[in-house]
1. Treat the chain as a sphere of radius equal to its Kirkwood radius over Cα pairs and apply Stokes-Einstein at 10 °C in a medium of 1.306 mPa s; give the translational diffusion coefficient in µm²/s, rounded to a whole number.
2. Calculate, for the chain, the solvent-accessible area per residue in square angstrom, rolling a 1.4 angstrom probe over the heavy atoms of the protein chains.
3. Let me check I've understood the local charge: for Trp208, count other residues with C-beta under 11 angstrom from its C-beta, Lys and Arg +1, Asp and Glu -1. What total comes out?
4. So, with a 1.4 angstrom probe, what is the percent of accessible area on segment 5-90 that is carbon and sulfur?
5. For segment 1-74, which GluC sites (Glu not before Pro) are in a loop by DSSP, counting at most 10 other Cβ atoms within 10 Å?
6. Show me the chymotrypsin sites (Phe, Trp or Tyr not before Pro) within segment 162-199 that DSSP assigns to loop and that have at most 10 other Cβ atoms within 10 Å of their Cβ.
7. Just flag the GluC sites (Glu not before Pro) in segment 300-359 sitting in loop per DSSP whose Cβ has no more than 13 other Cβ atoms within 10 Å.
8. How large a share of the accessible area of segment 246-324, in percent, is made up of carbon and sulfur atoms when the probe is 1.4 Å and the other protein chains stay in place?
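The values are calculated or read from the model by the stated rules, or taken from the named source; none is laboratory data. Since the structure is predicted, the reported quantities are computational estimates derived from the model, not experimental observations. So basically every Cβ, Gly included, is an ideal-geometry build from the backbone, and we count neighbours across all protein chains shown. Only protein heavy atoms, including side chains, enter the accessible area calculation; ligands, DNA and RNA are left aside. Shrake-Rupley method; radii C 1.70, N 1.55, O 1.52, S 1.80 Å.
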Amino acid sequence: MSVSPDVIAKIEEGYAKLQAAPECHSLLKKYLTKEVVDQLKDKKTKLGANLLDVIQSGVANLDSGVGVYAPDAEAYTLFKPLFDPLIQDYHNGFAPDAKQPNTDLGEGKTSALVDLDPEGKFINSTRIRCGRSLQGYPFNPCLSEANYLEMESKVKAIFDNITDPELAGKYFPLDGMTKEIQDQLIKDHFLFKEGDRFLQAANACRYWPKGRGIFHNNQKTFLIWCNEEDHLRIISMQEGGNVGQVLERLIKGVKTIEKQAPFSRDDRLGWLTFCPSNLGTTVRASVHIRLPKISAKPDFKSICDGLKLQIRGIHGEHSESEGGVYDISNKARLGLTEFEAVKQMYDGIAHLIALEKAA
Ligand code: ADP
Ligand code: CIR
């Protein structure tokens, strides 16, 4: 079956809307040329996903940074003329013929990552997360309600098997969680937010809250999100700036989960994720940090860009800073190893702290 004329019309309208929006600076707008539209508008993956599925979030949300999602793994190859240059731009020049290196989480190397802020002057907390997709399932827009429930019960069984005392904990489904508990978990930076308009427009929130939830240990230092943006987000976090400890716990957690579930990995793109910004290592290593002097300077963003760091607000992506606290993390996740991604954040933050001390 080919793509229906009304979907093709919507793709063309989407292209026209982006072109007519000077306020839009997304990577989607940059790489969705007329040639790309014409080349891809009548293509469909085996699961039936088309170019509209890829671009609709960025068309609906003109303030997107990226603006595209892959409805299934095949989309990354079928819609290459759009994805490849966009991926290259986002991930530090990862070329169409480049290949993600083998996984190196940093086992045996974490002790080199000594506390970035032993006196506790700048860093409130450190967090490292990675994403994983379960083999045999597509991404959000192609999942049925039955898929969500099945995936949730599979991963819950895995969580129940975790015996390491540092990691063991409990799974809390979103379905049935009280609003108070949910809001508190979000406020304390443990749980994903509700109603993300970028994900909603990508058709990624169907059947919500079915199949969604959070696992965490008692201390809330090891957490796993189930079926939010990705099938799994594995997270290690704690107060202060001890990056080595946070990474050590993440490695232990990833290895524990990995033993029990096969994950989707592509030879070229590494670990597969719904958003192309997360491909490869899928690692975002961040600190919540206060840098009152240098963050007030007009060149703060360009300094961070130069260090390959991304600035987010206190409640994550698309939020604002509060009380002078920023979320600063590595930006690229593809074309380097997991350890290198963490090291990029580590070295960059060490540099920013040195600048702050000298200012
Ligand atoms: P992700 O990191 O999964 O891409 P977000 O940017 O939305 O997604 O962040 C998710 C949550 O994690 C938010 O509540 C955010 O404030 C929190 N967070 C991120 N980095 C840190 C950190 N270093 N310390 C504490 N919370 C953090
Ligand atoms: C956007 O394009 O802004 C959203 N779809 C989120 C993209 C992921 N962001 C990122 O920088 N890693």
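1. Taking Rh from Cα pairs, D becomes 75 µm²/s.
2. Accessible area per residue: 43 Å².
3. Once positives and negatives cancel, what remains is -2.
4. Accessible surface attributable to carbon and sulfur in segment 5-90 totals 57 percent.
5. Glu23
6. Taking segment 162-199 and a limit of 10 other Cβ atoms within 10 Å, no loop chymotrypsin sites (Phe, Trp or Tyr not before Pro) are found.
7. Glu320
8. On segment 246-324, the fraction of accessible area on carbon and sulfur atoms equals 52 percent.
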